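The block underneath contains the structure these notes are about, expressed in structure tokens.
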Amino acid sequence: MWLLTRKPRVRSLGVENPDQRQRSERKRRREPGGTSQARQTQRIKKRQFTQLRGWKGWSFMLDGKDVAPAIIGAATHEGTGRKRGPVPKRRYQKGSFQVQNGKAYTLFYRDVEKSDRTITTERTRQLIGDLSAMSERAARREHDLFMANVNRRRGSVPSPIKGETFRDAVDAWKKDVAPQLSPATVRQRESYLRIHILPAFAKSATHALDVRALQRFATSLQNNLSPKTIVNVLETVFAVLRYAKRSGMRTEMVSFRDLTLRAAETPERPYFTSAQVKQIVRAAKEPYKTMFALASLMGARAGELLALTVPDLDFERKTIRVNKSADDRTRVVRQPKTKKSVAQLPMPSSLEALLRNFLKHHWIENPGKLLFPAPRKEGFAYSRNNVVRSGLKPILRKLGIPDENVGLHAFRHGLATELAESEPITVLQAQMRHADVRTTLKVYAHVIPQSQRNSMERIAERSIGTNVPNGTKSIA
């Protein structure tokens, strides 16, 4: 039995004074169901320990013998005697915006190194400006910019508000925006999100994805991904952040202009010349003959070509309507790539004759009126991979035309190359149906128009003449 004694009287640790007993009774009455014996014993022990910590000059007795009281050590280690100082605050700071005597100030914490080389934090006030020369809204904007720089220098990351993590923004984008995009685009962006983006930013706040964070992210990808893929990954991040901002979430607006990226090398795109197209169409059998002729004269994308229906052919106006596209994987027919892709394209006379002959002798009736229905899967269009593997590649090998990395897009690129060499850029853009002329110029910039060659020949003739010497004599 433990006893706590102080001469000349002995006090038992288990005795409650009247006030404590009354408080215990009142608390017991408030608790539903009364108090169990175990809970009451636990409260007594806790009260005894609290009393022991506060009493001084008392001796402890165990079975009538005096014993030395135990000493409770400090929770933190005292260290090796080296001065450590207070631990600097590393939390993300919003700062405090204050106005005093017509002037705006920012109050924040900064790291300070003392004379003994310990680091502590101190509260600092920074003058923003005089409100007689600037508005309060402008002062608050300067306050936010200043605090962003303070947190960036301290390495602090803003804590995400509930519902405003990047994963939350991605979930909202998948639910609200992704169903409006083409399946191919959604598959590509979901792949980038799963493999590259979410492992890096899933738990980050949306407003933490600033220039510095995205620049570091882009730099970390350059060892494993091509420059073009890095651009596609960043565009996926920007698409999610744009929708997050429209949804009211806090974001840092970052664009490609703010980042330094490695220049992408434009690969040489394979294309068919006019002579090669003529050979391919002559050697192909139906339905590939008509399919390749349409691809070479329309410049349509593979999905747009395979989604054509008989009602899209207007023989009176001699036009072909492009307003849908077949997905490469699922072959589900839906809207084309962009709004600009919807167009009425001209039907040349030679193509009209070929289409009439195809509809009369080779076209197979089907419920969807597809121009090129799949032979063994009713209601679906041809698969692009099957067309390339079974229809195009055998012909290219037979004719001796290189077939590496060549597909149906080579017909589109061949038409664009021929138009760029002889026709105005407006005609090329209208036939290719690019939403932005810059896309046309970027993709087909390698094509040097014949008009440009003729102009340079005339300028060269005027500048240096036609008789160019084979060598020059050095002047002493």
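The values are calculated or read from the model by the stated rules, or taken from the named source; none is laboratory data. These numbers come from a predicted model, not from an experiment. When we count neighbours, we look across all protein chains shown, and the Cβ atoms used for this are built from the backbone with ideal geometry, even at glycine. Calculation scope for accessible area: heavy atoms of the full protein, side chains included, ligands and nucleic acids excluded. Shrake-Rupley method; radii C 1.70, N 1.55, O 1.52, S 1.80 Å.
When restricted to Cα atoms, the stretch 242-373 yields an Rg and a Dmax of 20.0, 62 Å, respectively. 3J(HN,Hα) along the stretch 142-149: 5, 4, 5, 5, 5, 5, 5, 5 Hz, from the Karplus curve 6.51 cos²θ - 1.76 cosθ + 1.60 with θ = phi - 60°, whole Hz, x for Gly and Pro. The H on the amide N of M347, modeled in the peptide plane, is under 5 Å from the matching H of T319, I320, each at least 5 residues off or on a different chain. For the stretch 206-310, GluC sites (Glu not before Pro) meeting the loop criterion (DSSP other than H, G, I, E, B) and having at most 14 other Cβ atoms within 10 Å: E265, E268.
Amide hydrogen proximity for A381: with H placed 1.01 Å from N in the peptide plane, the residues at 5 or more positions away or on another chain lying under 5 Å are A374. Can you work out ³J(HN,Hα) from phi for every residue in the stretch 245-251, in order, using Karplus 6.51 cos²θ - 1.76 cosθ + 1.60 and θ = phi - 60°, giving whole Hz and x for Gly and Pro? In residue order, the calculated couplings are 5, 5, 7, x, 7, 6, 9 Hz.
The charge dipole of the stretch 248-396, taken about its Cα centre with unit charges on the Cβ of Lys, Arg, Asp and Glu (plus for the first two, minus for the last two), comes to roughly 160 debye. In a DSSP loop and with at most 14 other Cβ atoms within 10 Å, the trypsin sites (Lys or Arg not before Pro) in the stretch 343-399 are K369, R376, K377. For the pair the stretch 368-432 / the stretch 211-253, the C-alpha centres are spaced 33 Å from each other. Highest average first, the peptides 218-231, 124-137, 407-420 ordered by how many other beta carbon atoms sit within 10 Å of their residues are 407-420, 218-231, 124-137. Averaged over its residues, the stretch 233-387 has an accessible area of 57 Å² per residue, based on protein heavy atoms and a 1.4 Å probe.
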